1. Which whole-number percent gives the relative contact order of the stretch 202-302, counting Cα pairs below 8 Å spaced six or more residues apart?
2. Can you order the peptides 139-150, 32-43 by their average number of other Cβ atoms within 10 Å per residue, highest first?
3. Within 10 Å, count the other beta carbons around each residue, average over each peptide in 283-292, 326-335, and list them highest first.
4. Spin-label point model (7 Å from Cα, Cβ direction): what's the residue 512 to residue 311 distance in nm?
5. From a point 7 Å beyond the Cα of residue 464 in the direction of its Cβ, which residues of the stretch 155-190 have a backbone N at a distance under 18 Å?
6. Using only the alpha-carbon atoms, how far is helix 349-360 inclined from the longest principal axis of the chain? Give it as 0 to 90 degrees, nearest 10.
7. What's the ranking of 152-159, 91-98, 17-24 by average number of surrounding C-beta atoms within 10 Å, highest first?
8. By how many degrees, 0 to 90 and rounded to 10, does the Cα axis of helix 234-246 deviate from the longest principal axis of the chain?
Amino acid sequence: MEVGAMTDAVVIGSGPNGLVAANILADAGWSVVVLEAAAEPGGAVRTAELTVPGFKHDLYSAFHPLAAASPAIQRLDLGRFGLRWRHAPGVLAHVLPDDRAVLLSRDVEQTAESVGSFAAGDAAAWRAEYSRYRDVRDDVLRALLGPFPPVRAGLGLLTTLGVGDALRAARVAMMPVRRYGEERFAGEGARILLAGNAMHTDLGPTQAGSAVFGWLLAMLGQDVGFPAPEGGAGSLTAALTRRLESLGGRVECSRRVTRVLVANGKAMGVVAGGDHIRAHKAVLADVPAPTLYRDLLEPHHLPSSLRSDITKFHWDDATIKIDWALSGPIPWRAPEAAAAGTIHLGVDSDGLVQVDADLARGRVPEHPFLLLGQMTTTDPSRSPTGTESAWLYSHVPRGGDWTRERLRTWAEGVERIVAKHAPGFQDLILGRHVSGPTDLERGNSSLVDGAINSGTAGIHQQLVFRPTPGLGRADTVVERLFLAGASAHPGGGVHGAAGANAARAALGSWGWYGGVYRTAMRGAHRMLHR
């Protein structure tokens, strides 16, 4: 855009939240420009050839159950813009240290048979759990992903469940996943599926609130699978971008925003590369909350209590990721693993507890929990016929000194763990790319020190505590400025919900009730901050 240009809305950042927000605003007839610091759009949803020509690797996120189920993304009808979902034969397998494995499948009977092999009664228990999920699915997704407070969805859940069962469900939502698994299932198979899925966040199996994450991902896997965009995660970004451009919106890359312009307590635009870009109606920031409040706003625009609160922002653990080009499929001993797109391995249920304890103490786990993706098994377009494009990641403590030599040693240790369950694995490696925490942040500045969820999923930083104690909404103390990134409610994951919630808040502030809305937000923020 030219210097001094004006648009209805400026969106800072072109991750899925920013692009979803921009599409919703454009649907409402607003003129929108998305400014991206990187050379290409997508944030943590991008694909590139990292190892060997012809092998496509998702740089960050790869499987997208939340995107497939998200009401915000579903409403955009991205199939019209080229998005195609692909599925592996199986959704997820957890390989235990003794090579026993449990399989999560989109076929509930196949999943029930697998968990039932660990304890006969668990087959019926799994079917019953999935039936309960189906009864509340839509209201749960609206409650978890929609704006806070979820009044309509909450009433729907109350109507479906009744007061007693609604209270029991609320208890489950606050539980540690280990306790939840023990109450529902007798065998290790179902329990480890739930606990392993909870570990996709930074919550260990004994932490309060981990049950809802493990339950939701396991049920979504049963429901929509863990799909991957055909051609790479970047295909999701491409579809969102094409849709926005069809509505007249624009994405401008290599345009780092350095300041949000504020006058009379209102966001008026941004500075990007020295250019002043004015926003007539709103600025939406798809960036971490600490980045917005510390780097993009002048301190005097923020109350002292908010400046203090943001210093206490709690990041999630750091991450190390390996991408491999393999000359053939991974030769797993466990047939369940050969069929699955996502593999969990390295530890059993007790091992997950130890991993979480190590991370809490700032120690690199001696026996790590590993998440591995078989992308060609899921989407044959990812690499040449007969080969496999694969990745693995694991959490490590924040702040470690991960030199190239230390990363190489860590990666070799991890490869030995994989080879223990898949003899000959190391002989298949054609190319390897290891990304430490600083590499991940260098590629996407929102992944601060390798934190992939933009802040802990702990209950002390969820709902009205995300990103700081407040309203749990996208509205900020600066009028016309909305937090649209994953550090806002509802948090991390490729679901676009934070962006959608910010877009709806921006539209509401200019709707027929806009005056009342803005007055209410000003009053609420005055009560919260000093």
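1. About 14 percent, as a whole number.
2. Per-residue Cβ counts within 10 Å, averaged per peptide and sorted highest first, yield 32-43, 139-150.
3. 283-292, 326-335
4. Modelled inter-label distance: 4.7 nm.
5. Residues 155, 170-171, 174 qualify, since their backbone N sits under 18 Å from the label point.
6. 40 degrees
7. Descending mean neighbour count gives 17-24, 91-98, 152-159.
8. 30 degrees
Read the figures in this text as sums done on the coordinates, not as results from a lab. Bear in mind that the values here come from a model prediction, so they are computed numbers and not experimental data. When we count neighbours, we look across all protein chains shown, and the Cβ atoms used for this are built from the backbone with ideal geometry, even at glycine.
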